[in-house]
Amino acid sequence: MSTGYRGAAIDALRTGEPEAKARAAHAMAEVWRKGLREPGPGTVPDRPARPARPVLTRPGDMPKRRALTTRAGQIALLHAFAHIEFNAIDLACDMVARFDGMPPAFYGDWIGVAGDEARHFQMLRRRLQELGADYGDLPAHDGLWQAADDTRDDLLARLAVVPLVLEARGLDVTPAMIARLERAGDHDSVAILEVIYREEIGHVAAGSRWFAHVCEQRGLDPAPTWRTVVRERFKGDLKPPFNDTARDAAGLPSAFYADLNPLPSA
Ligand SMILES: [Fe+2]
Ligand SMILES: [Fe+2]
């Protein structure tokens, strides 16, 4: 008896142990690959299960990052990325489980994203282990889930904030991190971040596509709607510089975000 893809998403959300959560996301992708299109029953948890470690802190309480030429600095950077990917598993599973009534392709897209995020997390965790560390060794912050939770009532807002603000920000910052690791000679970590960077463009593209779909259903114009929703529902700032090339490739043109937070005139 299958629990259906939605039941499988809820299983992943209710699993706290990191490797088991990643495996549960892959199991959901397997349910979908087998062609099972029944969502299945279940209640979406208010908050996904998390492991006892990492200890979650407020973003401002995070220790300062060390230079990437030190092993401690490499570990801190990879740990921060691993934590983002671990959260991203839950964000994609929550998208699948929480919002019903969408076309099958919507669920297929976010199930695929969840599988990618689980693989991203596992690659980063293996790399941390190669460096003598592990996920959970350092504190981490809870900002990603909080931003998602603030949009749990509305798919349009969730798409505006999670893929189109948070994942798009990943496209902005990852190339600089890759360059820093390259300069520090950490080619194994570079190879992992390059895979992640490439696949994250696809995640933002899925966000753009489904945001446009929901806008069309509601008779809304995507660019101004996105700007309004982000102002209302996202507490942080949009921080330039933006990676216009990658954002364009993901169907998020600068008309969406260019002057949302005008740079203070110097
Ligand atoms: Fe990812
Ligand atoms: Fe992603």
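Every read-out reported here was derived from the displayed coordinates using simple, explicitly stated rules and does not represent laboratory data. Quick caveat, the model's predicted, so the values are computed rather than measured. So basically every Cβ, Gly included, is an ideal-geometry build from the backbone, and we count neighbours across all protein chains shown.
Summarised in one figure, the compactness ratio Rg/Rh of the chain, Cα atoms and Kirkwood Rh, is 0.96.
Packing-wise, with mean Cβ within 10 Å as the measure, how do 211-222, 77-88 rank, highest first? Can you show the working numbers first?
Values: 211-222: 15.3, 77-88: 23.7.
Highest-to-lowest ranking by the protection proxy: 77-88, 211-222.
Charges at C-beta only: +1 for Lys and Arg, -1 for Asp and Glu. How large is the resulting dipole of the chain about its Cα centre, in Debye rounded to 20? That gives a dipole near 380 debye.
Mind checking which helices in the chain clear 18 Å along their axis (Cα) and have mean Kyte-Doolittle hydropathy of 0.0 or more, DSSP H runs only?
Membrane-span-like by this rule: 71-98, 168-183.
Largest GNM mean-square fluctuation among GLU30, GLU117, GLU232, using the chain with Cα springs under 10 Å: GLU232. Only alpha carbons enter this Debye calculation for segment 1-156, each as an equal point scatterer, and the log10 of I(q)/I(0) it gives at q = 0.15 Å⁻¹ is -0.77.
Residue by residue, segment 241-249 carries 3J(HN,Hα) couplings of x, 9, 8, 4, 5, 5, 5, 4, 4 Hz when phi is fed to the Karplus relation 6.51 cos²θ - 1.76 cosθ + 1.60 (θ = phi - 60°); x denotes Gly or Pro.
When the Kirkwood hydrodynamic radius is evaluated over all pairs of different C-alpha atoms of segment 24-107, what value in angstrom, to one decimal, is obtained?
Working: mean 1/r = 0.0633 Å⁻¹.
For segment 24-107, the Kirkwood estimate is 15.8 Å.
Under a 5 Å amide H cut-off, with hydrogens placed 1.01 Å from N, HIS141 pairs with THR57 among residues at least 5 apart or on other chains.
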